[in-house]
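Taking it in order: structure first as structure tokens, then the write-up.
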Amino acid sequence: MQTSGFKKIYTKVTQITKATCSIQATGIGYDELATVNGRLAQVVKIQGNIVTLQIFSGTEGIPNNAEVIFTGKPPALHVSDELAGRFFDAYGDPIDGGPDVQGELREIGGPSVNPVRRKQPSELIATGIAGIDLNNTLVTGQKIPFFADPDQPFNQVMAMVALRAKADKIILGGMGLTNDDYLYYKQVFDNAGALDRIISFVNTTENPPVERLLVPDMALTAAEYFAFDKKQTVLVLLTDMTLYADALSIVSNRMDQIPSKDSMPGSLYSDLAKIYEKAVQFPEGGSITIIAVTTLSGGDITHAIPDNTGYITEGQLFLRRDSDIGKVIVDPFRSLSRLKQLVIGTQTRADHPQVMNAAVRLYADAANAKTKLENGFDLTDYDERTLAFAKDYSNDLLAIDVNIDTTAMLDKAWELFGKHFTKAEVGIKQEFVDQYWPKD
Amino acid sequence: MEENKLTTGTVTGIIANLVIVEADGPVSQNEICFINLAGVRMMAEVIKVLGNKAYTQVFESTRGLKVGETAEFMGHMLEVTLGPGILSKNFDGLQNNLDTMKGTFLRRGEYTDAFDYDQAWDFTPLAKAGDIVVAGDWLGEVKENWIGHKIMVPFKLEGKFTIKSINGAGTYKASDTIAILTGESDEEVKVTMLQKWPVKIPIKGYVDKPRPFRLMETGVRIIDTMNPMAEGGTGFIPGPFGSGKTVLQHALSKQAEADLIIMAACGERANEVVEIFTEFPELEDPRTGRKLMERTTIIANTSNMPVAAREASVYTAMTIGEYYRAMGLKVLLLADSTSRWAQALREMSNRMEELPGPDAFPMDLPAIISSFYARAGYVNLRNGAAGSITFIGTVSPAGGNLKEPVTESTKKVARCFYALSQQRADSKRYPAVDPIDSYSKYLEYPELQEYLAEHITPGWLDKVLDARNILLRGREVYEQINILGDDGVPIDYHLRYWKSEVIDFVILQQDAFDDIDASTPIERQRKMLIKVLEVCHTDFDFESFEAVNPYFKRIINVFKQMNYSEYESEDFNKYEAELEAIINERKVA
């Protein structure tokens, strides 16, 4: 951060808390950046001549005669094609040893797109994973998180989706990423020869938590540059949004705000929505798709973070280990892609919606049969068949290691229907049954 | 509002979008003011006054705002402009026209006119010089899309007026004077096609508000048949995310039997609004054959737009609804989601450091919700015509838990409760309205019961209650079967369960994405319910419980094929005959 012109230096710090300090100053703009003894800080409250600053890296060691210099500007990022292939910290400064990026300085967290200037998302994103493509098809301009417990392989699945998605740019926003995971991403992208399409903004667990608050806005400012100015398809990966929300709650707590549910700030919904709603399909061609990770605590989705996220995002993806086949699958019950209706049956084969629903319904019957079995009841012939179907369905379609195209997925589903059920049990519209029911 | 000199002020404090302004004159609660930020005027509303300090919520981002900037108070509350040209428009929460804004991104301080003031309209007078009129009386009519848009005596006028002159039939601009009225003390009032009204105050100007008595058809079976909505009624749809609130609301907006639809997209996803922008101009209203967009107005304040304007958006929508109701029209107002509106109230209350109520919501939340719902209703106008606002709001309960403040406050005032169930959504039983927990209080209204008997079939209510009862018994035996096992209960239990499943699959479940099944006219609903109940009251003969499941699956499958077929088409009749044959296989003579 360079300072330009004559800047007044303030040294009258009146209050210091764990994340903020207050000083007497005038002529300061809201949201403006400052440095406090060289540490980056942002104006979060102005009352008369008392300005409260949130210090991103924490206030440890800040004295009450600290030197405060205001920059007169909100946080910003230099944008240009030079961003491609680079790794940055939460402030947008390079961490890969490369030179500073030249280009237009753009404020982060800028205005939102006028809803009437958006285009309805319409391009299918093929991932080859049937749990996604068949049951929860993704579309460009969508925002969708993985809801996963920390022990699940969400980073692997996300990297896989990112690489198969054929995006022009992949922007990784890492918040509280462990150094190991950061290196994992770096290596996967490198091995795929995709490094020149990747831009990373990373706050690792080694960095102060409050710095994370800048990461999504940095990543999305870069994304908007490529999607809007350059009309490219951009995929933004945000991991882990739970740690981002935790940082929000730290700050709001320090500012004496009354917490609402689960000690989260009352504005959590709006704070998260501002990030996720940057996902957009522009009529001129570019798009921003956001795939995020929200880690859960013991699978609890009623916690304020996943709960508010679920209301904002266009669906959610759940991973689960299926003990019957010993593989990780995309859970068909709890996962949902809200935008799938825009492409399934039109960009994919016409029988897609009905096949998808029938398979999930039969899988649900299998779950009921399983409960019966666990409770020690006798199973009917139908129950037995649903269990056999569930196993095949899980193994051949839901498992994340499956990589086939959508038509092959549909054919596979029909094959399984024919193998285990009668036409009436499957209950699909007659015209599709006539066309696709396996002939023996 | 009488002051000649407007109050001005100076910014003294900024906490996000709460800005404290020191005023140099009188300031009133809810007054609108504009705060200057380096030449950009940002709209704000006074939400608290403390001495000469006005606490204002700014409808924009306050980034860069400095202490010492100036503010001007406008002397009036947040107002909308009412007149011909509202239909088919896309407004933001403050009634700015989103389509005339420049650029792809929303710019701070960009306020656009709701109307094209120069647009010409073909005016036909409905009153004549010498007539005595009061606020809300019809002076004339213009054609807006296909509805007769009434030009009314401005709602703000108090007392009786005499029409001094009124223009003859002809083409006039919206801002032209079309009539001159004389008041009781001889003051003259010029009336144009446009008038302003503060959104937080209900528009009155009707004689009375009788209890709703007419069915509001929606084409959604679980609503029309099982939990009917009345014209002028209120209802709400709570449900966890992913349970299909938005799909259900969109279905209502497409199919409901209303003259016009106002959709307040309040703090929800932008892509959902885009879906309406994109699809409604293409889709046809099956009743009139016109494009759906012609009867739709959208108030879009999506979740990434300024929070303070989110609160205003539902009031803007309601005020526009009341304006059209006063023309004797049937308005359906949908708000998605009222929880986001409540959250906007919570954010401000929090910034003002008010003592919080449950879940940190403001203490007066129940009162705010109830006075908002009270603005809906069926009204008789002075000239004998009647109009209505039917209001359906969605609620997004935190964690899907219905025991939270917004759901509980809404439940006290809304008459229909369409509870979306996670369990039904998980098993893809859409619309996931819980058939046991949901209710329509209107079914208890003798007025509506009479209407149903007359317009659907005599004894309809008994059939509905019968179906509800079968569903309830079905759920009870299902629990029994789960505890005791398939072979631990009598065959009769299986029959009872499967009969309730027939109702579930054929009546309750509906495919919103199938062209035919998406909307079911009431006549077809009558036919299907009677047919299904016939199956439910048939005695079947089974030797063992194992045969029950496949047999009923066949019945359900044929019923579903009927639902997918054009009503009374060849296919439909073929499936009906097939159904008859299946029933006869096991029917006890």
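Any read-out appearing in this document is the output of simple, stated calculations on the displayed coordinates, not a laboratory observation. In this text, all values refer to a predicted model and were calculated from it rather than measured experimentally. No Cβ is skipped: glycine too gets one built from the backbone with ideal geometry, and neighbour counts run over all protein chains shown.
For the range A:352-436, count all C-alpha to C-alpha pairs, find those more than 16 Å apart, and express that count as a whole percent of the total. Walk me through the numbers on the way to the answer.
Values: 1814 of 3570 pairs.
More than 16 Å apart: 51 percent of the Cα pairs in the range A:352-436.
Which of the lysines could a cross-linker span from B:Lys48 if the Cα-Cα distance has to be under 23 Å and same-chain partners fewer than 8 positions apart are dropped?
Partners found: A:Lys45, B:Lys5, B:Lys66, B:Lys200.
In sequence order, what are the phi-derived ³J(HN,Hα) couplings for the range B:350-357 according to the Karplus relation 6.51 cos²θ - 1.76 cosθ + 1.60 with θ = phi - 60°, rounded to whole Hz, with x for glycine and proline?
Calculated HN-Hα couplings, in order: 5, 5, 7, 6, 6, 5, x, x Hz.
For the range B:375-438, just run the numbers: alpha carbon Rg, then divide by 2.2 N^0.38 Å, N being how many residues it has. Write down the numbers at each step before the final one.
On the way: Rg = 15.9 Å, N = 64, 2.2 N^0.38 = 10.7 Å.
Normalised Cα radius of gyration, the range B:375-438: 1.48.
Can you tell me what percent of all Cα-Cα pairs in the range B:23-88 are more than 20 Å apart?
Within the range B:23-88, distances greater than 20 Å cover 34 percent of Cα pairs.
On a straight-distance basis, which aspartates and glutamates could pair with A:Lys8 in a cross-link, Cα separation under 18 angstrom, same-chain partners fewer than 8 positions away excluded?
Excluding near neighbours in sequence, the set is A:Asp31, A:Glu32, A:Glu67.
At 0.36 nm per residue, and after removing the present C-alpha to C-alpha distance, how many nm does the segment from B:Ser185 to B:Met74 gain when stretched out fully?
Working: separation 111, 0.36 × 111 = 39.96 nm, distance 2.78 nm.
Additional length available on full extension: 37.2 nm.
Any chance you could get the radius of gyration and Dmax over the Cα atoms of the range B:460-586, in Å?
14.9, 44
For a label point 7 Å from the Cα of B:Ser28 along Cα→C-beta, name the residues of the range B:188-215 whose backbone N is under 14 Å from it.
Label zone hits: B:197-202.
Which pairs in the list A:Lys230/B:Lys102; B:Lys403/B:Lys499; A:Lys119/A:Lys166 are over 30 Å apart, alpha-carbon to alpha-carbon? Display every interim value, and only then the final one.
Numbers: A:Lys230/B:Lys102 20 Å; B:Lys403/B:Lys499 32 Å; A:Lys119/A:Lys166 20 Å.
B:Lys403/B:Lys499, as the Cα separations exceed 30 Å there.
Once label points are set 7 Å from the Cα along Cα→Cβ at both B:Ala120 and A:Ala194, what is their separation, rounded to one decimal in nm?
Spacing of the two 7 Å Cα→Cβ label points: 6.0 nm.
Which of the aspartates and glutamates could be linked to A:Lys439 by a straight reach, that is with a Cα gap under 12 Å, when you skip same-chain ones fewer than 8 residues away?
A:Glu415
Show me the trypsin sites (Lys or Arg not before Pro) within the range A:399-440 that DSSP assigns to loop and that have at most 10 other Cβ atoms within 10 Å of their Cβ.
Details: sites: A:Lys412, A:Lys419, A:Lys423, A:Lys429, A:Lys439; in loops: A:Lys429, A:Lys439.
Here the sparse-neighbourhood loop sites are A:Lys439.
Treating only the Cβ of Lys, Arg, Asp and Glu as charged (+1, +1, -1, -1), what charge dipole size does chain A show about its Cα centre? Round to the nearest 20 debye. If you can, show how the numbers build up before the last one.
Values: 42 positive and 56 negative charges, 228 e Å.
Using Cβ point charges on Lys, Arg, Asp and Glu, chain A gives about 1100 debye.
In square nanometres, what is the average projected area of the Cα convex hull of chain B? Walk me through the numbers before you get to the answer.
Values: hull surface 120.8 nm².
The directionally averaged projection comes out at 30.2 nm².
Tell me the GluC sites (Glu not before Pro) within the range B:323-370 that lie in a loop according to DSSP and have at most 12 other beta-carbon atoms within 10 Å. Mind showing how you got there, number by number?
Numbers: sites: B:Glu347, B:Glu353, B:Glu354; in loops: B:Glu353, B:Glu354.
Sites meeting the loop and neighbour criteria: B:Glu353.
Which whole-Hz ³J(HN,Hα) couplings does the range A:76-84 yield from phi under the Karplus relation 6.51 cos²θ - 1.76 cosθ + 1.60, θ = phi - 60°, glycine and proline marked x?
Result, ordered by residue: 8, 9, 6, 10, 5, 4, 5, 5, 4 Hz.
May I ask what percent, to the nearest 5, of DSSP beta bridges between residues of chain B are antiparallel? List each step's numbers first, then the result.
Working: 70 of 97 bridges.
In chain B, approximately 70 percent of DSSP beta bridges are antiparallel ones.
How high is the FRET efficiency from A:Gln47 to A:Glu107, r the C-beta distance, R0 25 Å, rounded to 0.05? Walk me through the numbers on the way to the answer.
Details: r = 24 Å, r/R0 = 0.96.
Rounded to the nearest 0.05, the efficiency is 0.55.
First select every other residue whose beta carbon is under 12 angstrom from the beta carbon of A:Phe377; then total the charges, Lys and Arg +1, Asp and Glu -1.
Result for the neighbourhood of A:Phe377: -3.
Report the FRET efficiency, 1/(1 + (r/R0)^6), for A:Gln341 and B:Asp466, where r is their Cβ-Cβ distance and R0 is 30 Å, rounded to 0.05. It would help to have the intermediate numbers written out before the result.
Details: r = 35 Å, r/R0 = 1.16.
Using R0 = 30 Å, I get an efficiency of 0.30.
Have a look at the range A:76-338 and give its Rg and Dmax from the Cα atoms, expressed in angstrom.
According to the Cα coordinates of the range A:76-338, Rg and Dmax are 17.4, 55 Å.
Using Cβ contacts closer than 10 Å as the measure, can you line up A:Val188, B:Val548 from fewest to most? Please list the in-between numbers first.
On the way: A:Val188 18, B:Val548 21.
Arranged by neighbour count, lowest to highest, A:Val188, B:Val548 become A:Val188, B:Val548.
Give the shape of the range B:485-557 as rounded, prolate or oblate, defined through the alpha-carbon gyration tensor: a ≥ b ≥ c are the square roots of its eigenvalues, a/c under 1.5 means rounded, and otherwise the shape is prolate if a/b is larger than b/c and oblate if not. All intermediate terms of the calculation are to be shown ahead of the outcome.
Working: a/c = 3.05, a/b = 2.11, b/c = 1.45.
Prolate, since a/c reaches 1.5 and a/b exceeds b/c.
For a paramagnetic label modelled at 7 Å from the Cα of B:Ala374 toward its Cβ, which residues of the range B:382-414 fall within the zone defined by backbone nitrogen distances under 15 Å?
Answer for this model: B:410, B:412-414.
Determine, for B:Ser500, B:Ser421, the number of other Cβ atoms within 10 Å of each Cβ, and report the residues in order from fewest to most.
Working: B:Ser500 24, B:Ser421 21.
Neighbour counts put them in this order, fewest first: B:Ser421, B:Ser500.
Answer rounded, prolate or oblate for the protein assembly as shown, using the Cα gyration tensor with square roots of eigenvalues a ≥ b ≥ c: rounded when a/c is under 1.5, else prolate when a/b is larger than b/c, else oblate. Please list the in-between numbers first.
Numbers: a/c = 2.02, a/b = 1.14, b/c = 1.77.
Note, shape of the protein assembly as shown comes out oblate.
Among the DSSP beta bridges whose two residues both lie in the protein assembly as shown, what percent are antiparallel, rounded to the nearest 5?
Values: 113 of 170 bridges.
Of all bridge pairs located within the protein assembly as shown, approximately 65 percent are antiparallel.
Report the antiparallel proportion of the DSSP beta bridges in chain A as a percent, rounded to a multiple of 5. Kindly include the intermediate steps, with their values, before the conclusion.
Working: 39 of 69 bridges.
DSSP beta bridges in chain A are roughly 55 percent antiparallel.
Evaluate E = 1/(1 + (r/R0)^6) for B:Ile583 and A:Ala408, where r is the Cβ-Cβ distance and R0 equals 30 Å; express this FRET efficiency to the nearest 0.05.
Working: r = 41 Å, r/R0 = 1.35.
Calculated transfer efficiency: 0.15.
How big, in percent, is the set of alpha carbon pairs in the range B:381-511 lying more than 21 Å apart? If you can, show how the numbers build up before the last one.
Values: 4883 of 8515 pairs.
The share of Cα pairs beyond 21 Å in the range B:381-511 comes to 57 percent.
Would you mind checking the pairs A:Lys73/A:Lys143; A:Lys429/B:Lys411; A:Lys412/B:Lys428; A:Lys423/B:Lys254; B:Lys330/B:Lys441; B:Lys156/B:Lys330 and listing those with alpha carbons more than 27 angstrom apart?
Working: A:Lys73/A:Lys143 30 Å; A:Lys429/B:Lys411 39 Å; A:Lys412/B:Lys428 21 Å; A:Lys423/B:Lys254 33 Å; B:Lys330/B:Lys441 20 Å; B:Lys156/B:Lys330 23 Å.
Flagged as over cut-off: A:Lys73/A:Lys143; A:Lys429/B:Lys411; A:Lys423/B:Lys254.
Skipping prolines and chain starts, which residues have an amide H placed within reach, meaning under 5 Å, of the one on B:Thr296, given they are 5 or more residues away or on another chain?
Result for B:Thr296 returns B:Ser88, B:Ile261.
Using a ≥ b ≥ c from the Cα gyration tensor of the range A:243-383 (square roots of the eigenvalues), is it rounded, prolate or oblate, where a/c under 1.5 gives rounded and otherwise the larger of a/b and b/c decides, a/b for prolate? Intermediate values should be presented prior to the final figure.
Details: a/c = 3.19, a/b = 1.42, b/c = 2.26.
Oblate, because a/c is 1.5 or more while a/b does not exceed b/c.
At 7 Å along Cα-to-Cβ for each site, give me the label-to-label distance between B:Met352 and A:Ser297 in nm.
Computed distance between label sites B:Met352 and A:Ser297 equals 3.2 nm.
Based on DSSP H runs of at least 4 residues, each adding -39500 (n - 2.57), what is the mean residue ellipticity at 222 nm of the protein assembly as shown after dividing by all its residues, to the nearest 500 deg cm²/dmol? Before the final figure, lay out the partial values.
Numbers: 25 runs with 306 residues, N = 1029.
Rounded to the nearest 500, it is -9500 deg cm²/dmol.
Taking θ as phi - 60°, what are the ³J(HN,Hα) couplings along the range B:58-74 by the Karplus curve (6.51, -1.76, 1.60), each to the nearest whole Hz, with x for Gly and Pro?
Per-residue couplings from phi come out as 8, 7, 9, 6, 9, 3, x, 5, 10, 5, x, 5, 9, 9, 10, 9, 8 Hz.
When chain A is modelled as a GNM with alpha-carbon springs shorter than 10 Å, which of A:Leu53, A:Leu317, A:Leu183 fluctuates the most?
Checking each option, the largest mean-square fluctuation is seen for A:Leu183.
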